[in-house]
2 protein chains.
Amino acid sequence: MISVLLVEDDLDLAATIVDYLDIEDIECDHASNGLMGFNLIQTNQYQMIMLDVNMPKMDGLTLCKTLREQGIDIPVLMLTARDSLDNKLEGFDAGSDDYLVKPFAMKELVARVQVLAKRKSGEAKYLTFANLSLDLTQRSIMAAEQTLKLSPIALTILEVLMRAAPKAVTRIEIMKTVWGEDQPDSNSLKVHIYNLRKQLEAATNQVKIETIPSVGFAIKLNEGELK
Amino acid sequence: MISVLLVEDDLDLAATIVDYLDIEDIECDHASNGLMGFNLIQTNQYQMIMLDVNMPKMDGLTLCKTLREQGIDIPVLMLTARDSLDNKLEGFDAGSDDYLVKPFAMKELVARVQVLAKRKSGEAKYLTFANLSLDLTQRSIMAAEQTLKLSPIALTILEVLMRAAPKAVTRIEIMKTVWGEDQPDSNSLKVHIYNLRKQLEAATNQVKIETIPSVGFAIKLNEGELK
DNA sequence: ATTTCCCTTAACCCTGCCTTAACCCCCTCC
DNA sequence: GGAGGGGGTTAAGGCAGGGTTAAGGGAAAT
């Protein structure tokens, strides 16, 4: 069963689309503005998303860009009445996968929706720092050609550090991304950092996790290794 | 560097496209008929393919269908002067991912090429991974020449994993595609994974289903098999 | 009606990760 | 010089998540 999201402020058009997709056995949620759409995307799993460009609260282009910035790469189809080349290019530039000009034939919409829903991001997403390479899609980390085995939490911490690299990340930030709301009381983070350091040291000497006193941590190149 | 293939019998148009893509830093091979194109696809790695519909030797639709039947899921963009709805639907039906009507703006072509090159088409009729081959039309799975008997659910799970291979798939995603909205309460998925693993192990040692702790599962090549 | 095959469920086991607490060091400030 | 705080190190224990197993029920097939 295909399940998709339509973000469109024209309620008549939206209803028509939802009905039509339903006939074709495509489950279609609907949001009437970009912000609502954004929230739905966070909480639900959709195979693809249709975005109207013109919308109150948050327009389609901005929403699309925001999604891509967050690393969400669900296929996006832009729906709009604007058919100039520049408008199209703007759409693709924002990270959309397809661009359909209103008015369109419902059958073409269905065909494109079905194609997009099956389409997968082909490439792996990596974070790299020195000889560390973190494959976000496989949740695995390699240091100099060899994969190392990290616990889920250690990996999350490393991910946060590598995303910010080489800038410092506060303890608060780390704790928030790892544990969210209810955090462990005590020095759990200390221990995780310690273990992470040990494992990194064993694997590579090009990188170190530096402590920024009373702030947090940062991952850096190891330059003091000149003995 | 993006590398793509253009299959087009109009040599003038072809030359224009190749030149233009070259400027945009896209390497573009050219075949002037379907058969030539087919051979090039077999021997080279392309990120996406542009197909003219009308061509001598083998037309674009047939070529596209042939590719999909062979389990090749490179994204395909149809280029044609035929702009009727039926023609478009025919194109999508043949397994293409996008459909652009001549004459088109070069910039739009470039945008669509770039988008497609980053994705994987989900249109293939076969999925293959190592010595596993899953026939989506017959819903049957072969491991090293011999078909094995999987329950419907096990097969769906394997399909999800193979589509994403070797990326990790979250539990949520698997559950969603298998059961949709009303999911079983308990550890049904665990049991299915367990059974699936057992059957895969019995059939081949080239592939394993790896657990990604607190995320989900991924199907991978079995490299530790060097005893 | 009977059989067969799945799918679900519940129960149990086990591994290894996470937390905790305790102790250490070093630096700074009193 | 001593106290206190921030950070590092260590080991132990609990526990949750994942793996394993078997039993029961329902649907399709015979």
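Just so you know, all these numbers are worked out from the coordinates, no wet-lab data involved. What you are looking at is a predicted structure, and each value in this text was computed from that prediction instead of being measured. Note that we place each Cβ from the backbone using ideal geometry, even for glycine, and neighbour counts take in every protein chain shown.
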Taking every DSSP bridge whose two residues both lie in segment B:1-155, the antiparallel percent to the nearest 5 is 40
³J(HN,Hα), Karplus 6.51/-1.76/1.60, whole Hz, each residue of segment A:202-217, x for Gly, Pro: 5, 9, 8, 10, 8, 9, 9, 9, 9, 8, 9, x, 6, 10, x, 9
One decimal, nm, shortest first: give the distances between the label point of A:Pro103 and those of the same position in the other copies, each label point 7 Å from Cα along Cα→Cβ. 2.8
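Using 28 Å as the Cα-Cα cut-off, could you pick out the over-long pairs in A:Lys125/A:Lys198; B:Lys57/B:Lys107; A:Lys102/B:Lys102; A:Lys102/B:Lys107; A:Lys88/B:Lys118; B:Lys57/B:Lys125? All intermediate terms of the calculation are to be shown ahead of the outcome.
Numbers: A:Lys125/A:Lys198 26 Å; B:Lys57/B:Lys107 30 Å; A:Lys102/B:Lys102 19 Å; A:Lys102/B:Lys107 20 Å; A:Lys88/B:Lys118 18 Å; B:Lys57/B:Lys125 23 Å.
Exceeds cut-off: B:Lys57/B:Lys107.
Rounded to a whole number of µm²/s, how large is the Stokes-Einstein D of segment A:126-225 at 4 °C and 1.567 mPa s, given Rh as the Kirkwood radius over C-alpha pairs?
Details: Rh = 13.7 Å.
For these conditions, the coefficient is 95 µm²/s.
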Please rank A:Asp98, B:Asp185, fewest neighbouring Cβ atoms within 10 Å first, as an exposure proxy. B:Asp185, A:Asp98
Based on the alpha carbon coordinates of segment A:118-162, what radius of gyration and maximum Cα-Cα distance (Dmax) apply, in Å? 11.2, 35
Residue-ordered couplings for segment A:42-53, obtained by feeding phi - 60° into the Karplus form 6.51 cos²θ - 1.76 cosθ + 1.60 and rounding to whole Hz (Gly and Pro as x), are 5, 9, 10, 9, 10, 7, 7, 9, 9, 10, 6, 7
Just counting partner chain Cβ atoms within 10 Å, what average do the residues of peptide A:123-129 show around their Cβ? 1
Can you list the residues, at least 5 places off or on another chain, whose amide H is less than 5 Å from the amide H of B:Gln183, using H built in the peptide plane? none
Picking from A:Leu67, A:Phe38, A:Leu13, whose Cα lies most toward the positive end of the charge dipole for segment A:2-116 (charges on Cβ: Lys, Arg +1; Asp, Glu -1)? A:Leu67
Under a 5 Å amide H to amide H cut-off, with H placed in plane at 1.01 Å, what residues pair with A:Met50 once short-range neighbours are removed? A:Leu5, A:Leu6, A:Val7, A:Leu77
How big is the dipole moment of chain A about its Cα centre under a simple scheme where the beta carbon of each Lys and Arg is +1, that of each Asp and Glu is -1, and everything else is neutral? Debye, nearest 20, please. 1360
For B:Met58, what residues show an amide H to amide H distance below 5 Å, using hydrogens built from the backbone and excluding near sequence neighbours? B:Gly34, B:Leu35
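Taking Cα pairs under 8 Å and at least six residues apart, what relative contact order does segment A:119-199 come out at, in percent? Mind dumping the intermediate values first?
Values: 67 pairs, mean separation 16.1, N = 81.
With pairs under 8 Å counted, the relative contact order is 20 percent.
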So what is the orientation-averaged projected area of segment A:2-116, using the convex hull of its C-alpha atoms, in nm²? 6.2
Placing one equal point scatterer on each C-alpha of the protein assembly as shown and summing with Debye, one gets log10 I(q)/I(0) at q = 0.06, 0.07, 0.09, 0.12 Å⁻¹ equal to -0.31, -0.42, -0.70, -1.20
